[in-house]
1. It is to be established whether one or more residues within the range 139-150 are assigned to a helix (DSSP H, G or I), of a type outside the set (Phe, Trp, Tyr) and out of contact with any Leu (no Cβ under 9 Å at 6 or more places or on another chain).
2. State whether the residues of the range 181-192 include one that is under 19 Å from GLY106 (Cα atoms) and either assigned to a strand (DSSP E or B) or hydrophobic (A, V, I, L, M, F, W, C) (or both).
3. Restricted to the range 3-39, and to residues that are touching a His at 6+ places or on another chain (Cβ under 9 Å) and outside any helix (DSSP H, G or I), which residue is surrounded by the fewest Cβ atoms within 10 Å (Cβ to Cβ)?
4. Restricting attention to the range 191-200, does a residue exist that is crowded, with 17+ Cβ neighbours inside 10 Å, modelled with pLDDT under 95, among the hydrophobic types (A, V, I, L, M, F, W, C) and within 27 Å of LEU248 (Cβ to Cβ)?
5. Looking at ALA32, is it in contact (Cβ under 8 Å) with a residue 12 or more places away in the chain and either outside the structural domain of ASN195 (by TED's automatic domain parsing) or in contact with a helix residue (DSSP H, G or I) (Cβ under 7 Å, 6 or more places away or on another chain) (or both)?
6. Return the total of residues in the range 213-225 being touching a strand residue (DSSP E or B) at 6+ places or on another chain (Cβ under 9 Å) and surrounded by fewer than 23 Cβ atoms within 10 Å (Cβ to Cβ).
7. Could you check the range 259-269 and list, in sequence order, the residues that are within 24 Å of LYS117 (Cβ to Cβ) and in contact (Cβ under 8 Å) with a residue 12 or more places away in the chain?
8. Hey, does the range 163-170 have a residue that's within 18 Å of the chain's Cα centre (by Cα) and either of a type in the set (Lys, Arg) or modelled with pLDDT of 95 or more (or both)?
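The values are calculated or read from the model by the stated rules, or taken from the named source; none is laboratory data. Since the structure is predicted, the reported quantities are computational estimates derived from the model, not experimental observations. We place every Cβ from the backbone using ideal geometry, glycine too, and count neighbours over all the protein chains shown.
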Amino acid sequence: MKKEIKKFAVLGHPIAHSLSPKIHLLFAKEFAIDLEYKKFDINPDNFFVNVKRLEAEGYQGLNITLPLKIAAFAICDQLSERSSFCKSVNTITFLDNNIIGDSTDGRGLLNDLSNKKINTKGKNIFLVGAGGAANGAIYDLIQSKPKKIFLTNRTFTKAIEMKKYWKSFAEKNQVTLETIDLDFSNRLNFDLIINATSSSLTNQHSPLPEHALHCLKDDGVCYDMMYGSQTPFMKEAYKKTDSVYDGLGMLVEQAAASFNIWHQLAPATENIEASLKNL
């Protein structure tokens, strides 16, 4: 009897650069799952039509990347608590004619930090950016029980809105949220600075002024959610510390969380990052 091939895909615009098919096929190999995983460049205007088409074609789940995560949130019949809070969906499961949405970005970030022995509990975190990436990760950052999360954004009103939105959830988890504009004084101390902006896609300047990195503790860490090349933020960070990381491990770990949702299996991720770097 022929084994059933399980069909999945990632949707984005653009999508050519996506490593998701390679990652999921490596995971599937570990468990000897017959998996087909494609990538489709989908225009946001035709998003829902294409999702329904793929469901009709027998796809069991979809990963969603930029700029479609908010559109995915809007079309789901059921949402996880995490994706409800984040207003973002990067993992869709088709089940009984329902579109079920979840978000694994925050779990991906926290699992990657854990793999790198970076502890967030009781720490001061500086989260740079107040767009989709920052809001997609802060649920899990708050749940990891840092002492404080400092929020900033080039358009400062967005950071203020972000604080207002997450304040109640942070208080429930005994976490303090503060907003700081980019002209803040040097009296602050950060254990971890996370760049959640996409500034490196549009210009060659770090989203932070130089004095911000002087507030990083001697044993502090800088993390950029982007991956693929050394960003301006990372180049500046290396002047202050050797503990600088890109988001490739986060990509692998969020994929592992999606894989777990679909297959109820936890793939080994240790060697995947190295495999991708050797491609």
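1. no
2. yes
3. Per the stated criteria, the residue is PHE31.
4. No, the range 191-200 contains no residue that is crowded, with 17+ Cβ neighbours inside 10 Å, modelled with pLDDT under 95, among the hydrophobic types (A, V, I, L, M, F, W, C) and within 27 Å of LEU248 (Cβ to Cβ).
5. Here the answer is no, as ALA32 does not meet what is asked.
6. 6
7. Passing the criteria: PHE259, PRO267, ALA268, THR269.
8. yes
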